[in-house]
Amino acid sequence: MPLSAAPIVLSPDRASDAATAATSLHTVATTVSLLGRHGIAPEALLAGSGITPACLTEPARLVTHAQELVVFANARRLLSDDTFGLRLGQSLHISSYGLLGYTLLVSPTLRQALASAIRFPLLLGSYFRLRVEEKGDTARLVADGYHYRADLHALNAEMCLSSMWTIARDCTGLPLVPSAVTLAFRAPAHHALYADIFGQAGTFEASENALIFPAEWLDRPQPLADPVSYHMALEHCERLEGEWAASQGSGFVARALRLVRTDPARYAQAPQLAAALHVSERTLRRRFAALGTSFQAVIDQVRCEEAQHFLRHTALPVSAIAERLGFAEPASFRHAFQRWTGRRPSDIRR
């Protein structure tokens with residue numbers, strides 16, 4: 001049976017706009033690092049993608065899958081090496097996924113870690129629908145529903161399976177070897193590399209892309225599990241996934257939300273946020289208006305969410321919360337909170 005957490009997926013009827021999905025720069029940055037070891041300059045790798053080397057220094061920047069796919073195609077061409085997908089996935093350790101990676105690492109079990117990865121496909125940066133199925137003593141992590149560039153299907157399938165297995169090994173702290181690895185395409189010339197990457201030879205021209213392993217691994221306690229941190233991190237992932245989904249096709253809004261959330265006190269002022277986004281204050285307000293929102297609405301949204309998080313999950317006094325959120329006085333924060341929620345801060349802590 002499938003894992004209990006229902007995944008959020010890009011359905012087939014959204015194939016036409018799927019390539020506009022927002023994703024972080026972590027996979028592109030890893031690709032730049034890998035090809036740099038072969039003497040390939042970032043400018044050549046990023047050509048035609050709309051991503052510049054300077055973008056890699058901006059932690060809040062988001063890109064689209066369409067841009068990422070251009071980078072993957074460039075990498076394969078520049079390397080003249082079809083093993084790139086497998087090697088890239090192997091290099092995407094859990095630390096590459098930011099908040100989601102931390103969530104997976106502190107999950108109580110591998111079952112819950114995989115459920116969280118499936119639940120947040122935008123944070124994972126997945127090109128596939130992922131699901132875990134159990135039948136008797138066997139579990140299968142299946143990757144299907146690919147609706148992107150057909151010429152990059154095999155590369156992305158190899159990257160997906162090898163990255164998910166790297167995550168499983170990082171979460172458990174064990175050199176896990178799957179029972180089988182199946183691929184829904186013809187055996188490539190580099191098929192022997194599968195034994196090095198997975199510890200298991202691949203089975204090709206199968207009905208699905210999947211990793212098969214003993215079901216008992218799913219409920220094995222993870223060495224760095226922390227239930228409190230896990231639930232707090234899940235809450236943050238839910239909010240971030242929602243922001244990225246809401247800004248589908250608009251990396252600008254997603255970047256703005258990420259910046260404001262990292263430092264609400266600093267970016268609650270339009271000049272500071274505009275400067276960080278490399279636009280004028282007038283352009284900032286115009287861009288928000290064109291997307292049916294406003295600077296103040298974005299600030300209020302983040303402040304409200306952060307305030308409720310601090311009130312529910314920390315012992316910080318109201319004065320400290322007000323300061324963190326950029327309010328000059330606690331009274332101003334109390335008035336704003338009541339306007340946002342219809343409740344007083346003290347009501348949340350009762």
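Note the full-extension length gain between SER33 and ALA206 as 0.36 nm times their separation in residues minus their Cα-Cα distance, in nm to one decimal.
Numbers: separation 173, 0.36 × 173 = 62.28 nm, distance 3.26 nm.
Gain in length upon complete extension: 59.0 nm.
Which is the longest stretch in the chain that no exposed loop site breaks, taking sites as GluC sites (Glu not before Pro) with a DSSP loop state and at most 12 other Cβ atoms within 10 Å? It would help to have the intermediate numbers written out before the result.
Values: sites that count: GLU205, GLU208.
Value returned for the longest uninterrupted segment is 1-204.
Please give, to one decimal in nm, the separation of the simple spin-label points placed at ARG349 and HIS335, each 7 Å out from Cα toward the Cβ.
In this crude spin-label approximation the distance works out to 2.1 nm.
Which whole-number percent is the relative contact order of the chain (Cα, under 8 Å, 6+ apart)?
Details: 530 pairs, mean separation 60.5, N = 350.
Relative contact order, the chain: 17 percent.
Carbon and sulfur atoms: what percent of the 1.4 Å accessible area of the chain do they account for? Kindly include the intermediate steps, with their values, before the conclusion.
Values: 8360 of 15580 Å².
Carbon with sulfur: 54 percent of the solvent-accessible area.
When the chain is fully extended, how far beyond the present Cα-Cα distance does ALA225 get from VAL279, taking 0.36 nm per residue of separation?
On the way: separation 54, 0.36 × 54 = 19.44 nm, distance 4.19 nm.
Going from the current span to full extension adds 15.2 nm.
Calculated FRET efficiency, LEU99 and ARG186, Cβ-Cβ r, R0 30 Å, to nearest 0.05? Mind showing how you got there, number by number?
On the way: r = 38 Å, r/R0 = 1.26.
So the FRET efficiency works out to roughly 0.20.
Determine, from the Cβ-Cβ distance of ARG286 and ASP137 and an R0 of 51 Å, the FRET efficiency 1/(1 + (r/R0)^6), rounded to the nearest 0.05.
Values: r = 59 Å, r/R0 = 1.16.
Approximately 0.30, to the nearest 0.05.
Hydropathy at least -0.5 by Kyte-Doolittle, axial extent at least 20 angstrom from the Cα trace: which helices of the chain, defined as entire DSSP H runs, fit?
Working: long enough: 65-79 (21 Å, 0.35); 153-172 (29 Å, 0.21); 227-246 (28 Å, -0.41); 295-313 (27 Å, -0.42).
Qualifying helices, which must be both long enough and hydrophobic enough, are 65-79, 153-172, 227-246, 295-313.
Quick one: which residues, 5+ away or cross-chain, put their amide H under 5 Å from the amide H of ASN209? H built at 1.01 Å from N.
Amide H to amide H, under 5 Å and 5 or more residues apart or across chains, ASN209 pairs with ALA143, ALA184.
Take the alpha carbon atoms of the range 269-338, find their center, do the same for the range 140-193, and report the distance between the two centers in whole angstrom.
With the range 269-338 and the range 140-193 each reduced to a Cα centre, they are spaced 41 Å.
The values are calculated or read from the model by the stated rules, or taken from the named source; none is laboratory data. Remember, it's a predicted structure, so these values are computed and weren't measured experimentally. Reconstructed Cβ throughout: ideal geometry from the backbone, glycine too, with neighbour counts over all protein chains shown. Each accessible area value is taken on the protein alone, full model and side chains, heavy atoms only, with ligands, DNA and RNA left out. Shrake-Rupley method; radii C 1.70, N 1.55, O 1.52, S 1.80 Å.
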